[in-house]
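For reference, the structure discussed in these notes is given below.
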Amino acid sequence: MKYVSTRGGTRATSLSDAIAAGLAPDGGLYVPQTLPRFVPDDFAGRESLADIAARLLAPFFAGDALESELPAICAEACTFAAPLQPLATANDFVLELFHGPTAAFKDFGVRFLAACMRRIPRASSQPLTILVATSGDTGAAVGAAFAGLSGFRVAILYPDGRVSPRQAHQLGCFGGNVHALRVAGSFDDCQRLVKQALSDACLREGNPLGSANSISLGRLLPQMAYYAQAALSHHRARGETLNFVVPTGNLGNALAGMLARAAGLPIGRIALATNANRTLPDFFAGDDYRPRDSIATLANAMDVGAPSNFERLRWLYPDADTLRHEFSVEAIDDAAIRATIRDRHARFGEVFCPHTATAIRMLETMRAKGVSGDWCTVATAHPAKFEGIVEPLIGQPVTVPPALAELLARPTHSQPLATDYAALSGFLESDAPEQV
Ligand SMILES: *Cc1c(COP(=O)(O)O)cnc(C)c1O
């Protein structure tokens, strides 16, 4: 399989090169030249996430230098489960993607990316610095996946005071080759600094840089696997296709579900729940695509005004009317997020993080309108990561899962970074010492 750019301006590229590059040279996003087509029987006898991922991703790795390593990469990345659980309401389910080391779904994609990157040979013997701007969850997943990996250094930029206290603790708890930089600014400022560094040829000459953001193919492809596993197990058990509601920001998670469906997995409809950031809801309601500044909400990992995978959505559905007809999208504001967390706990004892609550609320609205079938909401983070929001609403503490407790018990250290490019380039050039 070869990969081309959504903008059509680059020649077909190998998977390894596309993963190493991140963005295509013409500024577009890498997409597969064709999509494989599966039937459920292709996965007969495969139940674990690693086994399903290895079969599903085989055509995407075909002909690449990493092809023979694929089963090992899947085994290394998929070390925790993605259980499909019933909800209290009939025919409603939740796919729990928060059982990884940092308690959010980004662990799946980032661990897979790290397992690929450490196997891709590099020209330079200098360490590769993975530069990442984060609104909370990505940075922690990258830190956890690359911590202690020789040949790599990680610099995480996050907006000081705008991530949850537990997210901040996580970002600074890895130490060693992972540096947490708290920026006196917004997430957009962090992202701007990272983009500027990545496009600074002069800086990159002496300091090899890489990225791990949500446009990376190495993150996107493996996320198909948990949709495949959930849909296959549901199909085996009930003979029905499973529909999904996905909490959505940059469209990385939802797009993986769409790709799995396009590749023939027994997935029915896919609905997208956003927070009060209305770029996608307005587009799907018929407006022109209009990226804008993000606004801060309780579901902070979805505070996105310009979804970075939008170009891939348009590649998959070039016709806007078809696209709008294919997916429903609903914006869930903070008041509805709060009410959902409070009510589901009061009525059923269920506890959700603010991101997951957007999907739960959207499904409730759809059910009230008479939508039928088996629907699965996607739980993107554990509620214990957002205890400051969740606990006052449910009136009791949220139990911290063991992996998260382990990180929170470690000491944490971050360093301040001014919101200007000279500060970042200075940091990257100063051979930053390993931290203890
Ligand atoms: C990143 C994130 C999202 C949004 O996922 P996208 O792939 O950007 O759409 C939703 N919920 C949580 C908890 C996240 O960390």
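What follows is calculated from the coordinates using simple rules that are stated; it is not laboratory data. Source: prediction; values computed, not measured. Glycine gets a Cβ as well: all are built from the backbone with ideal geometry, and neighbour counts include every protein chain shown.
Each residue, Ala88 and Thr34, gets one label point 7 Å from its Cα in the Cβ direction; the gap between the two is 5.0 nm. Restricting the range 341-432 to trypsin sites (Lys or Arg not before Pro) that sit in a DSSP loop and have at most 15 other Cβ atoms within 10 Å of their own Cβ leaves Lys369. Per-residue ellipticity at 222 nm computed for the chain from its helices equals -12500 deg cm²/dmol, with DSSP H segments shorter than 4 residues left out and the rest contributing -39,500 (n - 2.57).
Among Gly185, Gly206, Gly22, the residue with the largest mean-square fluctuation in a Gaussian network model of the chain, with springs joining Cα atoms closer than 10 Å, is Gly206.
On the principal axes of its alpha-carbon atoms, the range 30-178 has extents of 49, 47, 25 Å, going from largest to smallest.
For the pair the range 252-314 / the range 130-208, the C-alpha centres are spaced 24 Å from each other. Taking N as the residue count of the chain, its C-alpha radius of gyration divided by 2.2 N^0.38 Å amounts to 0.93. Proximity of backbone amide H atoms, modeled 1.01 Å from N, is registered between Thr419 and Ala184 at under 5 Å, excluding neighbours fewer than 5 places apart on the same chain. Amide hydrogen proximity for Thr79: with H placed 1.01 Å from N in the peptide plane, no residue at 5 or more positions away or on another chain lies under 5 Å.
In summary, the range 204-313 shows an alpha-carbon radius of gyration equal to 1.23 times the 2.2 N^0.38 Å reference for compact globular proteins.
Volume per residue of the convex hull around the Cα atoms, evaluated for the range 287-337, comes out as 99 Å³. Here the extension length gained between Ala262 and Arg290 equals 7.4 nm, from 0.36 nm per residue of separation less the Cα-Cα distance. Inverting the pair-averaged 1/r between distinct Cα atoms of the range 270-367 gives 14.2 Å as its Kirkwood hydrodynamic radius. Count Lys and Arg as plus one, Asp and Glu as minus one, and take only other residues whose Cβ is under 15 Å from that of Leu272; the net charge is then +4. Among beta bridges identified by DSSP and lying wholly in the range 80-198, the antiparallel ones come to about 20 percent. Charge tally around Pro25: other residues with Cβ under 13 Å, Lys/Arg +1 each, Asp/Glu -1 each, net 0.
Using the Kyte-Doolittle scale, which helices in the chain average at least -1.0 and also have C-alpha atoms spread 30 Å or more along the helix axis, with helices defined as whole DSSP H runs? Going by DSSP H runs, the hits are 217-238. Amide H contacts of Arg153 (H built 1.01 Å from N, in plane; Pro and chain starts excluded): Leu128, Thr129, Ile130 sit under 5 Å, all sequence-distant by 5 or more or on other chains.
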